[in-house]
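The values are calculated or read from the model by the stated rules, or taken from the named source; none is laboratory data. Values in this document were obtained by computation on a predicted structure and should not be read as measured data. Please note: Cβ atoms are built from the backbone with ideal geometry, for glycine as well, and neighbour counts cover all protein chains shown. Just so you know, the surface numbers come from the protein's heavy atoms only, side chains and all, with ligands and any DNA or RNA stripped out. Shrake-Rupley method; radii C 1.70, N 1.55, O 1.52, S 1.80 Å.
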Amino acid sequence: MIRKKIRVFVIEDSKLYQQFLRQVIESDNCLTVAGTADCGAQALELIPELRPDVITLDLQLPDREGSELLKEILQRWDLPVVVVSGDAEACEDAVRLGARDFITKMQDAEPRTAEQFRLLLKLKLKMQAEAKQTAPHRAPPGKAPRSPSVKEHGPAFSPYRKPAGEPGALNDRLIVIGASLGGTETTLQILRQLPDTLPGIVIVQHMPPEYTEAYAMRLNRCCDLEVHEARNGDMVLPGTALVAMGGAQLTVCRSEQGYWVRIGTSEKYGGFCPSVDVLFRSAAEAAGPAALGVILTGMGRDGAQGLREMHDAGAYTLGQSKETCAVFGMPGAAENLGAVDRLMSPDMIADEIVRYCSRYKKSEV
């Protein structure tokens, strides 16, 4: 699915931190370090030669102010810049000057802090590079522009508002996807291949609260589907996908108007919030045999029992195959419970979703 790696140019005066950033960036098979610079003069010399897709910029450089270098880069090249600095206030000032995003340097070496930094940096770099490739500040082809105030600050839909479009089979059906470790790219790989003519999709991806909105935005930029972070009361409309926000449990409900999501407690279930089990169990209750469940790569057992309940309620269930998983824990646990109808690669899962939905849509017309 990846045509070429995203080329990242790292501007950082500390050789040690350069090495750390290189390790983080190159641990992702979508990213590569095109080059590094430890001062502004070297950066300005190398950028036209290396032609990166995105730049990381430290604001404390030996030969000039980082903000001045940022201005010069933006004046000379149409390149997204992600600031990486220990000064949070300076980061925010840089965004006002034109940096696309920022991430503050780690203040401690706790494993959880380091893992969150790695995940967020890679996500931000991919988001900005892909936004550049798809004409930034414009909706991708085939998508109408949306109001940021609706998308980012409140519920996009009400459970009591009738879904757009004609009523029919698509509004009666539901697709739910659960994933954990390794799942961010796998879910993207699947969604990229799905048309916007499918039933609504709800996704639980184990992520900290501050990451899920950015992840949903990245999916939205890369897919034909309309994707956003779920808000309480959002309708699950055909051609759309909702990503559960980190730190809150999400359940699917049904009314006369169709499926909608409820954002509930922040308590963990089975160690997770949001929990795939919680989503899948609600799908079994709300949709029964009208649901399709997909469990992807991840450590542990979250989602296995919920998928079994979906399966017992008559839903069609798919799992990611062992050889394509980063960790086979979640699909493996579901398979052991007899919850999975078929184990498949991500590409085959996408094809099967389209095939299955096309089959039932024709049968109900």
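Here is a yes/no grid of residues against (1) open to solvent by 10 Å² or more (accessible area, probe 1.4 Å); (2) touching a residue at least 12 places away in the same chain (Cβ under 8 Å); (3) under 30 Å from Asp351 (Cα atoms); (4) hydroxyl-bearing (Ser, Thr, Tyr):
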{"residue": "Ser14", "(1), (2), (3), (4)": "yes, yes, no, yes"}
{"residue": "Leu31", "(1), (2), (3), (4)": "no, yes, yes, no"}
{"residue": "Ala37", "(1), (2), (3), (4)": "no, yes, no, no"}
{"residue": "Asp53", "(1), (2), (3), (4)": "yes, yes, no, no"}
{"residue": "Asp63", "(1), (2), (3), (4)": "yes, yes, no, no"}
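Restricted to segment 291-365, the set of strands (runs of 3 or more DSSP E) holding at least 1 residues that are open to solvent by 40 Å² or more (accessible area, probe 1.4 Å) comprises 342-344. Is it true that Thr56 is among the β-branched types (Val, Ile, Thr), closer than 23 Å to Glu92 by Cα, outside any loop (DSSP other than H, G, I, E, B) and touching a strand residue (DSSP E or B) at 6+ places or on another chain (Cβ under 8 Å)? Yes, satisfied. Between Ser27, Ser67, the distinction of being touching a helix residue (DSSP H, G or I) at 6+ places or on another chain (Cβ under 8 Å), open to solvent by 30 Å² or more (accessible area, probe 1.4 Å) and farther than 21 Å from Ala90 by Cβ belongs to Ser27 only.
In the set (1) without any contact (Cβ under 8 Å) to a residue 60 or more places away in the chain; (2) within 16 Å of Ile201 (Cβ to Cβ), the condition left unmet by Gln249 is number (2). When restricted to residues that are open to solvent by less than 20 Å² (accessible area, probe 1.4 Å), among the small types (Gly, Ala, Ser) and either assigned to a loop (DSSP other than H, G, I, E, B) or modelled with pLDDT under 95 (or both), segment 216-274 contains 8.
Scanning segment 36-88 for residues that are within 28 Å of the chain's Cα centre (by Cα) and of a type in the set (Asp, Glu), we see that the one that is farthest from Lys15 (Cα to Cα) is Asp78.
Here is a yes/no grid of residues against (1) over 21 Å from Thr186 (Cα atoms); (2) among the hydrophobic types (A, V, I, L, M, F, W, C):
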{"residue": "Ala244", "(1), (2)": "no, yes"}
{"residue": "Gly247", "(1), (2)": "yes, no"}
{"residue": "Ser255", "(1), (2)": "yes, no"}
{"residue": "Arg281", "(1), (2)": "yes, no"}
{"residue": "Pro289", "(1), (2)": "yes, no"}
{"residue": "Ile295", "(1), (2)": "no, yes"}
{"residue": "Gly298", "(1), (2)": "no, no"}
{"residue": "Asp302", "(1), (2)": "no, no"}
{"residue": "Asp341", "(1), (2)": "no, no"}
